[in-house]
Structure formats: C-alpha cells, structure tokens
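The values are calculated or read from the model by the stated rules, or taken from the named source; none is laboratory data. Everything numeric in this text was worked out from a predicted model, so none of it was measured. Positions of Cβ are generated from backbone atoms using ideal geometry, with glycine treated the same way; all protein chains shown enter the neighbour counts. Note: accessible area is taken over every heavy atom of the protein model, side chains too, but ligands, DNA and RNA are not part of it. Shrake-Rupley method; radii C 1.70, N 1.55, O 1.52, S 1.80 Å.
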There are 2 protein chains.
Amino acid sequence: MAAKSEQTRQLVADVALMMFREIGFEKTTMRAIAQEAGVSVGNAYYYFASKDELVQELYVQVQDEHAVVAAQALEGVHDLAGRLKAVLHTGIDVMAPYHQFGADFIATAIRPSSPVNPFGEASTAAREASLAIFRSAVEGSSPAVAKKLRGDLPELLWLAYMGVALFWVYDRSEGQRRTRKLIDGAAPLLARGLSLAKIPGVSKVFDDVLGLVRSVKEDS
Amino acid sequence: MAAKSEQTRQLVADVALMMFREIGFEKTTMRAIAQEAGVSVGNAYYYFASKDELVQELYVQVQDEHAVVAAQALEGVHDLAGRLKAVLHTGIDVMAPYHQFGADFIATAIRPSSPVNPFGEASTAAREASLAIFRSAVEGSSPAVAKKLRGDLPELLWLAYMGVALFWVYDRSEGQRRTRKLIDGAAPLLARGLSLAKIPGVSKVFDDVLGLVRSVKEDS
DNA sequence: CCACATTTTTGAACATGTTCAGAAAGCTGG
DNA sequence: CCAGCTTTCTGAACATGTTCAAAAATGTGG
C-alpha cells in the first residue's frame with residue numbers, strides 16, 4: 001500500500017506550506033518543518049530533494065486553484081477586458097495569502113535551475129495549465145479577438161501576467177491596492193489597443209510585433 | 001591614512017568580482033574569496049556586510065561602464081530607434097562577461113530586501129545613472145519624441161531594459177544572439193509605434209496609458 | 001615615548017540547506 | 001514463518017553564509 005508513503009509526503013508538504021504562509025520562507029527551516037511534522041530532516045529530503053521543491057509544491061497548488069477560480073469568474077463575462085480582469089484578479093486572489101512570501105518565491109523561481117522556474121521543464125504542467133486559462137479567456141471573448149492575434153495572444157498575456165505578479169510582489173500598498181488598480185486600468189486599455197489592429201497604419205505595426213515575437217521565440 | 005583600509009576593500013572586491021566572472025556565484029564562497037585575497041573571512045565581512053553587497057559592487061561597476069560606453073555609442077546617432085539600439089546593445093555588451101552569473105545575480109537582485117534590488121534604496125545612485133542614459137537617448141533624438149511622452153518615456157524604457165536584461169539571462173543561444181535580435185527588432189518597432197501617437201484614435205490610447213502609468217506610480 | 005582609543009583583522013562558533021551510511025519497517029516468494 | 005529485498009526513515013556530518021569576542025595594528029593626545 002502506497003498510502004502510508006503518500007501520507008508522509010502530504011504531511012511534510014502541508015506543514016511546509018502552512019509554515020511558508022505563517023512565518024515566511026527563511027524562518028521555515030527544513031529542521032523546523034521536520035520537527036513540526038514529526039519526522040526526521042532526512043525523511044523530508046526523501047520526498048523533496050530540496051527546499052525549492054517544496055516551493056514548487058506551493059506553486060502547483062496555487063496554479064491549480066487559480067484555474068478553478070478563474071473558470072468560475074469567467075462565466076457570463078464576454079468582453080475581453082472583463083475576462084482579462086477576471087483572470088488577473090483571481091490570480092492575485094489565490095496568491096494573496098502568500099504575499100509576504102512572494103519575494104522569496106520569485107527569487108527562487110527566477111533561477112533557471114530551479115524546479116519552480118515557470119519557464120523550466122519541471123513546471124511544464126503548471127505553465128500549460130496557466131496558459132490554458134488565458135487561452136480560454138481569449139477564445140471565449142466576444143467580440144472576438146482579431147484572428148491573426150488569437151494564436152499568440154494567450155502566451156503574451158501570460159507573460160504580462162508574470163509581469164503583474166512581479167509588480168504585485170513589490171506592491172506594498174494596503175491589500176496590494178495598486179496592483180488591483182493596474183489590472184483595472186490595463187485590461188480595458190489592452191482590449192481597446194487590440195481593437196485598433198483594424199486601422200491600416202496600426203495594423204502593420206501589429207504584424208511586425210507578431211513577426212518579431214515569433215522570430216525571437218523560434219530562435220534561429 | 002585611509003589608503004590601507006581602502007586597499008583591502010578593493011582587494012576583496014576585485015577578487016570577488018573576478019571569481020564571480022570566472023567560476024560563478026555559488027562556487028565563489030566567502031571562504032574562497034578570503035583565501036584568494038589573503039585575508040580572513042571575518043575581514044571580508046568587515047568591508048562587505050554580506051555576499052550580496054559584493055554583488056552590488058559588481059552591479060554598480062557594470063552600470064558605470066554602461067554609462068560611459070553608451071554615451072560614446074550615442075554620438076552621431078540621431079533617430080530614436082538607433083539611439084535605443086545603441087543603449088540596449090551596449091548594456092548587453094557590458095554584462096556579457098557575466099552571462100553565466102546572470103541568473104544568480106537576478107535572483108539576488110529581485111529580492112526587495114537585497115541591496116542590489118534595482119528599485120531599492122541602496123541602488124538609487126546606480127538606477128539614476130541608468131535612467132539618465134535613457135533620458136539622454138530620448139532627449140537627444142531627432143525627430144523629437146512627442147512632447148507628452150517625453151517625460152515618462154525614459155522611465156518606461158528603463159523598465160523595458162530590465163525586461164531585456166531578464167530575457168538575456170535566459171537566453172541560451174550562442175552569444176545571446178536572440179537578445180540581439182530582439183533589440184534590433186524591437187527598437188525600430190517601438191520608435192515607429194510611438195510615432196503613431198499622432199493618429200487621433202491612437203492618441204487617446206496613449207493618453208490613457210500615460211494616465212494609468214502615472215496613477216499607479218503615485219500610488220494613491 | 002607612553003597610555004589609551006580606534007580601526008582593522010582573526011578564527012572559532014553558529015544556523016541552515018543538503019548528503020549519506022546505515023537502521024528500521026514493510027513486503028514477498030518459498 | 002522466514003530469508004532476503006525494497007522502501008522508508010534516522011541522525012550525524014558537511015559546506016556555506018554569517019556573527020562575534022577578542023587579538024593585533026594603528027592612531028592620538030600628552
């Protein structure tokens with residue numbers, strides 16, 4: 001029965017996440033986690049190869065929750081601006097309990113070698129899930145997004161979301177009010193900006209931007 | 001005579017920077033720095049309160065060099081796209097020797113508590129210097145940038161530069177070719193995009209973007 | 001030149017992430 | 001039920017960033 005093993009793993013993860021939330025990243029030492037969970041330090045390492053992997057656990061959990069909450073918030077909202085707001089606000093919502101932890105999280109995540117790195121391999125599943133949210137936000141919107149943008153837009157929005165998350169980490173205003181403001185302001189603006197793609201002079205710029213994005217993405 | 005003291009400080013800094021460049025951040029242990037410099041570990045800490053402060057030293061040095069090289073590269077270039085390219089390319093140039101170190105540097109820098117954090121207090125001077133480069137790039141360009149953009153543009157470009165630096169860190173292509181490509185593609189595009197500010201329908205969007213930037217920046 | 005104060009230097013000690021050899025517990029085919 | 005194998009678990013040991021009490025070197029007023 002794998003249940004016992006899984007139980008220990010969960011116990012360690014749960015204790016770790018709770019402590020990250022309650023007392024922050026640095027004070028949550030591996031020894032403290034082990035003690036609180038009633039296992040040895042080595043045992044914690046048997047399930048998680050590093051402290052970073054515990055952070056990864058948190059990342060996955062938060063992303064999962066975001067997917068659920070965002071899908072709910074998208075119901076009945078059809079305009080792109082509203083849908084963007086929904087996805088971004090719920091994103092901030094699920095991260096909220098970890099705000100004080102955010103800086104350490106990002107410092108961990110940004111390391112290419114880290115399992116938590118959102119661009120890295122270990123996070124492929126979580127990233128795909130997150131991307132799917134934005135894809136759904138774009139595809140389900142009406143009036144529809146210009147066809148030529150539809151393919152790349154979700155990925156660009158996800159990238160922008162990473163930027164918003166970064167902003168949020170630094171946002172010391174009460175309840176991260178400024179981030180909320182940024183979202184509320186930027187979402188309609190972006191939606192409006194995209195609708196300009198029709199204007200002849202502007203359309204060319206859009207094409208070039210897309211071309212650049214694609215060429216840089218595919219290396220070559 | 002303060003010379004002896006300053007000499008030790010410089011020695012430690014020089015050895016540290018050299019080792020960062022040669023063998024990377026993690027392998028450059030405080031003990032190794034001390035040994036290589038022929039001082040005790042405690043002595044290194046007498047001059048630098050933390051390993052992070054040695055990274056800060058590197059940051060300042062690189063920024064200083066960027067200011068010099070960029071000013072040179074700006075001479076005789078008048079169009080905004082060209083000036084942007086000059087500033088960005090020289091930025092990458094001065095960072096180049098530290099590419100493998102980049103990820104660790106950014107992981108360090110991104111922590112709000114870190115002295116290296118580009119938004120933080122300890123980096124005010126370095127940030128101002130860097131901002132000044134972009135201000136000069138914008139102000140010295142002809143045809144001139146639309147007046148209403150001129151004030152905020154340097155700061156936004158600096159922000160974009162942080163983004164480019166981030167991209168560069170992750171860029172594993174040979175000689176960071178992709179980053180160069182991004183710069184070459186994005187600079188003219190941005191310049192052209194800005195020139196659209198004249199078109200009535202687009203102008204409004206620009207105003208709103210500026211309004212948002214200002215309102216978020218000033219908190220409230 | 002001396003006594004005292006200040007600056008600089010030292011190295012041992014500490015906390016923390018991580019590793020590892022081996023113990024304990026659980027499982028499996030006979 | 002047992003011998004051997006695998007999984008799980010333990011705690012000591014290690015490397016590294018950091019701290020600190022005390023020593024050494026330097027500077028200073030008399």
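Consider region A:92-144. How many of its residues are surrounded by 17 or more Cβ atoms within 10 Å (Cβ to Cβ), in contact with an Asp or Glu (Cβ under 8 Å, 6 or more places away or on another chain) and not small (Gly, Ala, Ser)?
Of the residues in region A:92-144, 7 are surrounded by 17 or more Cβ atoms within 10 Å (Cβ to Cβ), in contact with an Asp or Glu (Cβ under 8 Å, 6 or more places away or on another chain) and not small (Gly, Ala, Ser).
Being out of contact with any helix residue (DSSP H, G or I) (no Cβ under 7 Å at 6 or more places or on another chain) and at pLDDT 95 or above narrows it down to one residue among A:GLY82, A:GLY120, A:GLY91, A:GLY185; which is it? Break it down stepwise before answering.
On the way: A:GLY120 fails: at pLDDT 95 or above; A:GLY91 fails: out of contact with any helix residue (DSSP H, G or I) (no Cβ under 7 Å at 6 or more places or on another chain); A:GLY185 fails: out of contact with any helix residue (DSSP H, G or I) (no Cβ under 7 Å at 6 or more places or on another chain).
After ruling out the rest, the residue left standing is A:GLY82.
Quick one: A:THR28 ticks every box in (1) assigned to a helix (DSSP H, G or I); (2) among the β-branched types (Val, Ile, Thr); (3) within 14 Å of DNA strand C (Cβ to nearest atom) except a single one, so which number is it?
Here A:THR28 clears every test but (1).
Please go through region B:36-47 and pick out each residue that is in a helix (DSSP H, G or I) and near DNA strand C (Cβ under 10 Å from one of its atoms).
Result: B:ALA37, B:VAL41, B:GLY42, B:ASN43, B:ALA44, B:TYR45, B:TYR46, B:TYR47.
For region B:1-54: of the residues being more than 8 Å from DNA strand D (Cβ to nearest atom) and basic (Lys, Arg), which is nearest to B:GLN100 (Cα to Cα)?
If we take residues in region B:1-54 being more than 8 Å from DNA strand D (Cβ to nearest atom) and basic (Lys, Arg), then B:ARG21 is nearest to B:GLN100 (Cα to Cα).
State yes or no: is A:LYS147 of a type in the set (D, E, K, R), surrounded by 15 or more Cβ atoms within 10 Å (Cβ to Cβ), more than 16 Å from DNA strand D (Cβ to nearest atom) and over 30 Å from B:PHE105 (Cβ atoms)? Working first, answer last.
Values: of a type in the set (D, E, K, R): yes; surrounded by 15 or more Cβ atoms within 10 Å (Cβ to Cβ): no; more than 16 Å from DNA strand D (Cβ to nearest atom): yes; over 30 Å from B:PHE105 (Cβ atoms): yes.
No, not satisfied.
Residues are listed down the side, and each one gets a yes or a no for (1) open to solvent by 20 Å² or more (accessible area, probe 1.4 Å); (2) outside any helix (DSSP H, G or I); (3) under 22 Å from B:GLN176 (Cβ atoms):
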{"residue": "B:VAL55", "(1), (2), (3)": "no, no, yes"}
{"residue": "B:VAL60", "(1), (2), (3)": "yes, no, no"}
{"residue": "B:ALA70", "(1), (2), (3)": "no, no, yes"}
{"residue": "B:ALA81", "(1), (2), (3)": "no, no, yes"}
{"residue": "B:LYS85", "(1), (2), (3)": "yes, no, yes"}
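Can you name the number of the only condition in (1) of a type in the set (S, T, N, Q); (2) within 14 Å of another protein chain (Cβ to nearest Cβ); (3) away from DNA strand C (no atom under 16 Å from the Cβ) that A:THR124 fails?
Result: A:THR124 passes all but (2).
For region B:45-53, does any single residue satisfy the condition of being farther than 27 Å from B:THR124 by Cα, surrounded by 14 or more Cβ atoms within 10 Å (Cβ to Cβ) and in contact with a helix residue (DSSP H, G or I) (Cβ under 6 Å, 6 or more places away or on another chain)? Spell out the reasoning first.
As a first pass, look at region B:45-53 and keep what is farther than 27 Å from B:THR124 by Cα: none.
No, region B:45-53 has no match at all.
Looking at region A:195-216 only, could you name the residues that are open to solvent by less than 60 Å² (accessible area, probe 1.4 Å) and more than 10 Å from chain B (Cβ to nearest Cβ)?
Selection gives A:ALA197, A:SER203, A:LEU210.
Looking at region A:187-220, which of its residues are hydrophobic (A, V, I, L, M, F, W, C) and without any contact (Cβ under 8 Å) to a residue 40 or more places away in the chain? Before you say what the answer is, go through the steps one by one.
We begin by selecting, within region A:187-220, every residue hydrophobic (A, V, I, L, M, F, W, C); these are A:187, A:189-191, A:194, A:196-197, A:199, A:202, A:205-206, A:209-210, A:212-213, A:216.
Within region A:187-220, A:LEU189, A:LEU196, A:ILE199, A:VAL202, A:VAL205, A:VAL209, A:LEU212, A:VAL216 meet the criteria.
Failed condition for B:VAL12, given (1) crowded, with 21+ Cβ neighbours inside 10 Å; (2) away from DNA strand C (no atom under 12 Å from the Cβ); (3) in contact (Cβ under 8 Å) with a residue 12 or more places away in the chain, with all others met?
So the condition that B:VAL12 fails would be (2).
From (1) farther than 30 Å from B:ARG180 by Cβ; (2) open to solvent by 40 Å² or more (accessible area, probe 1.4 Å); (3) small (Gly, Ala, Ser), pick out the condition that doesn't hold for A:SER173.
Failing condition for A:SER173: (2).
Counting just the residues of region A:15-25 that are within 14 Å of DNA strand C (Cβ to nearest atom) and of a type outside the set (A, V, I, L, M), which one comes out surrounded by the fewest Cβ atoms within 10 Å (Cβ to Cβ)?
At the first step, the residues of region A:15-25 found to be within 14 Å of DNA strand C (Cβ to nearest atom) are A:15-16, A:19-20, A:23-25.
Okay, now just the ones that are also of a type outside the set (A, V, I, L, M), so A:20, A:24-25.
On the way: A:PHE20: 24, A:GLY24: 14, A:PHE25: 20.
Selected residue: A:GLY24.
If you scan region B:1-19, which residues turn out to be hydrophobic (A, V, I, L, M, F, W, C) and modelled with pLDDT under 95?
B:MET1, B:ALA2, B:ALA3
May I ask you to verify whether B:ALA197 is within 30 Å of B:ASP93 (Cα to Cα), in the same structural domain as B:SER136 (by TED's automatic domain parsing), of a type outside the set (S, T, N, Q) and not in a loop (DSSP other than H, G, I, E, B)? Explain how you work it out, then say what you get.
Values: within 30 Å of B:ASP93 (Cα to Cα): no; in the same structural domain as B:SER136 (by TED's automatic domain parsing): yes; of a type outside the set (S, T, N, Q): yes; not in a loop (DSSP other than H, G, I, E, B): yes.
Here the answer is no, as B:ALA197 does not meet what is asked.
What about B:ALA103, is it under 24 Å from A:ALA107 (Cβ atoms), within 9 Å of chain A (Cβ to nearest Cβ) and either in contact with a Leu (Cβ under 6 Å, 6 or more places away or on another chain) or free of Cβ contacts under 8 Å to residues at least 12 places away in the same chain (or both)? Please lay out each step first, then the result.
Values: under 24 Å from A:ALA107 (Cβ atoms): yes; within 9 Å of chain A (Cβ to nearest Cβ): yes; either in contact with a Leu (Cβ under 6 Å, 6 or more places away or on another chain) or free of Cβ contacts under 8 Å to residues at least 12 places away in the same chain (or both): no.
No, not satisfied.
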